[in-house]
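The values are calculated or read from the model by the stated rules, or taken from the named source; none is laboratory data. Quantities reported herein were computed from a predicted structural model and do not represent experimental measurements. Don't worry about glycine lacking a Cβ; one is built from the backbone with ideal geometry, like all the others, and counts go over all protein chains shown.
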Amino acid sequence: MFKRPAALVRTTVLAVGVIYSLVLFAAGSNPATLFRYMMSGLPALAVVLLLVWDLWMWRLPGVRRLTHRPRIEGLWQGLLQPTAESLIPAGGNRGPIPIFLMVRQSYWSLHLRQYTAESASDSSAYFWERVPGTLVDRLSFLYDNLPRPSERQRSSPHRGSCSFDNQSLCPSAIHGVYFTDRYTQGEIDLTFVDRSDGYGSFAEAQAHATAVHVKND
């Protein structure tokens, strides 16, 4: 429905202005004073409405159908599989590589942090794309990878891009593809764990995921 955040901002502010105008017209008494009160509160109300949308309202199932924005926040567990053609240095891990992905998401912001046992990656830019014929936006993002100091001799910091192809507004699994400036590429398969985040390492995320799986069994 809204391809860009600016369109939603303008539409919301316009709608609030129209509603206030109707209220003012319907009130009909002491319009000058009432108008000043209304106009003084308009900016605050517009901000509140935008915050409610960004942090909460867009997550409602019916609203997500209008925006086509999938809800992917939380902790994900999965595997990363480089292709056979990837230029992986001697002694490098050719996969499958266990990974954990933390996603922090609001309507207008998104941050992804991925852990392997050897490195961590953080997203640096992202965009949502509507693919013709689909009902769910596709996520593409750039990321910076920083290996642990113990791995730097054979694995250098690098940058890459990744794309997630979702077919559900509230997915339990995600498939993606990635490319890096080290001339490696591959596929990612993720399974949803829960809506938690804030894990500082692969081991910490793994411990939580294990506890969740034990609890659910």
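Which one is farthest from Arg59 (Cα to Cα), of the residues in the stretch 107-140 that are touching a helix residue (DSSP H, G or I) at 6+ places or on another chain (Cβ under 7 Å) and outside any strand (DSSP E or B)?
Filtering the stretch 107-140 for residues touching a helix residue (DSSP H, G or I) at 6+ places or on another chain (Cβ under 7 Å) gives 107-108, 115-119.
Narrowing the set further to residues that are outside any strand (DSSP E or B) leaves 107-108, 116-118.
Details: Tyr107: 8, Trp108: 12, Thr116: 29, Ala117: 32, Glu118: 34 Å.
In this case the residue turns out to be Glu118.
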*Do any residues in the stretch 40-61 that are on the phi < 0 side of the Ramachandran plot have Cβ atoms under 9 Å from those of residues that are of a type in the set (Asp, Glu) and modelled with pLDDT of 80 or more, where the two are at least six apart or on different chains, and which pairs are they?*
Arg59/Glu73
*Residues being modelled with pLDDT of 95 or more and under 15 Å from Ser121 (Cβ atoms) - total across the stretch 180-198*: 2
